[in-house]
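Student: Questions regarding the structure given below will be posed in turn.
Throughout, read-outs are computed from the coordinates displayed, never taken from laboratory work. Keep in mind it's a predicted model, so treat the numbers as computed, not measured. Cβ placement follows ideal geometry from the backbone for every residue including glycine, while neighbour counts extend to all protein chains displayed.
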Amino acid sequence: MPPTALLEGYRVVDLSVAAAGPLATAVLADQGADVIKVESPAGDFMRTIGTVRNGVSAVFASLNRSKRSICLDLKRPEGVDLLHRLVAGSDVVVHNLRPGVAERLGAGYDELRSLRPDLVYCAITGWGEQGPSIQRPAYDSVVQAASGWAAHQGGMPPGEPQFVRNAVCDKTTGLTVAQLVTAALLARERTGEGRRIGVSMLHAGLAFLWPDGMQTATFLDGGDDDGPRATQPPVHRTADGWISISVILAAEFRALCATLGLDALADDPVFLDNGARSRHAARLWETVDPVLATWPTEQLSRALDAVGVPNAVVRAPSTVHDDPQVVANDLLVEIRDPAAGRMRVPRVVGDLSPEPFALPRPAPALGEHTDNVLAELGLSMAEIAALREGGTVR
């Protein structure tokens, strides 16, 4: 059977750069949408970020997989006209321009909706569309600081703030946007009406952190216990590596204590339940960690598996692809980029039956599909050549 394309027939115009917007539209492309990445002649700056091979950035390639790229100079009237023609035949527009910029470029919601009344339009911002910070630039790190992430990563008891060492606010924003866009498309199928969606990184990051990371700020009238608590256990050193262990259920905690010869610890009323163990996490692990450090990692993991204690050996990024569970589920696949060669990438997330998802396609070169997309809009090759000569397209 052919690969599944859940969003086949939907066209997405992607005006976004950096990470949040491109990730959102990459998810839509994974699911079958025709995503056209509209870039300025200079291109998305992410094309030069991070690890690069033969001019291809690994980060850009991941965030812009399975898309088509065209170059339009939206500072020229001709470029805006081409964008309008593209939008008129599209279903979704996504951008992450600062408030007011889209309107100045001729890409505001009201203007584009006049071309496509049932358009789903999503504006991604760093800080929202009202308030004192809306014109401030926003990268993942500054949003982590503002939303509580960095302070939360300081640990228990509160220590020096630290960043999550990946673009967590960008990515939570991107996944939220992808879900909202598909929800809006579903609503459009039912009502015939489009939607305007606004999502800020601050809101998405704060909402994602809130359930566990902000639990002590949740109850406004006080709680049974308002003290700070750990939301994740620490990573533990072993004799030859590192391991993660989580003991939430009483049976798991008792099994851990029995395996390590710490039976008295299981009967200590200070650690009676998971809430108590969380509140007194530092004291608990001060006792357990020296024992863990005497065990070889793999032997400890097997022993904990045997008694049902949740654990995982800490894998280095360079070896995750060899993990038997990753291999057994084909979580990573190999594709070939024309410039960079072979690439290892995640398989499209989710297992559908009976047809699988198609493999991701390599990210497009800058302006790789300009001629093709403009021809689909009805332009002749002579017209396209004239636009290129004039600097409107690349």
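Student: Per residue of the chain, what 222 nm ellipticity follows from adding -39500 (n - 2.57) for every DSSP H run with n ≥ 4, rounded to the nearest 500? Walk me through the numbers on the way to the answer.
Tutor: Working: 17 runs with 153 residues, N = 394.
Rounded to the nearest 500, the figure is -11000 deg cm²/dmol.
Student: Another question, then. State which stretch of the chain is the longest one without any exposed chymotrypsin sites (Phe, Trp or Tyr not before Pro), exposure meaning a DSSP loop state and at most 16 other Cβ atoms within 10 Å.
Tutor: Numbers: sites that count: TYR139, PHE163, PHE219.
That would be 220-394.
Student: Taking 8 Å as the Cα distance limit and 6 or more residues as the minimum spacing, I'd like the relative contact order of the chain as a percentage. Numbers along the way, then the final one.
Tutor: On the way: 663 pairs, mean separation 78.5, N = 394.
The normalised contact order for the chain reaches 20 percent.
Student: Additional query: Rg and Dmax of region 54-177, using alpha carbons, in Å: what are they?
Tutor: When restricted to the Cα atoms of region 54-177, Rg and Dmax are 18.0, 58 Å.
Student: Moving to a separate point now. Which of SER246, PRO296, VAL92 sits closest to the plus end of the dipole of the chain, meaning its Cα is farthest towards the positive end, when Lys and Arg get +1 and Asp and Glu get -1 on the C-beta?
Tutor: About the Cα centre, the residue reaching furthest to the positive side is VAL92.
Student: Shifting gears a bit: What net charge do the residues around PHE208 carry, taking every other residue with its C-beta under 15 Å from that of PHE208, with Lys and Arg at +1 and Asp and Glu at -1? Intermediate values should be presented prior to the final figure.
Tutor: Values: positive: LYS171; negative: ASP140, ASP170, ASP212.
Spelling it out: positives minus negatives among the neighbours equals -2.
Student: Which entry is the computed semi-axes √(5λ) of the Cα gyration tensor in Å for this structure: [x] 40, 22, 20; [y] 37, 24, 19; [z] 47, 25, 19?
Tutor: Matching entry in [x] 40, 22, 20; [y] 37, 24, 19; [z] 47, 25, 19: [z].
Student: Could I ask something else about it? Treat the count of other C-beta atoms within 10 Å as a stand-in for reagent exposure and order LYS67, LYS37, LYS171, LYS75 from fewest to most.
Tutor: Values: LYS67 24, LYS37 29, LYS171 20, LYS75 13.
Arranged by neighbour count, lowest to highest, LYS67, LYS37, LYS171, LYS75 become LYS75, LYS171, LYS67, LYS37.
Student: Rounding to the nearest 20 debye, state how big the charge dipole of region 242-313 is about its Cα centre with +1 on each Lys and Arg Cβ and -1 on each Asp and Glu Cβ.
Tutor: Values: 5 positive and 9 negative charges, 24 e Å.
Using only the charged Cβ atoms, the result is roughly 120 debye.
Student: Quick one: check the C-alpha center-to-center distance for region 204-222 versus region 329-394, whole angstrom.
Tutor: If you average the Cα positions of each part, the centres end up 40 Å apart.
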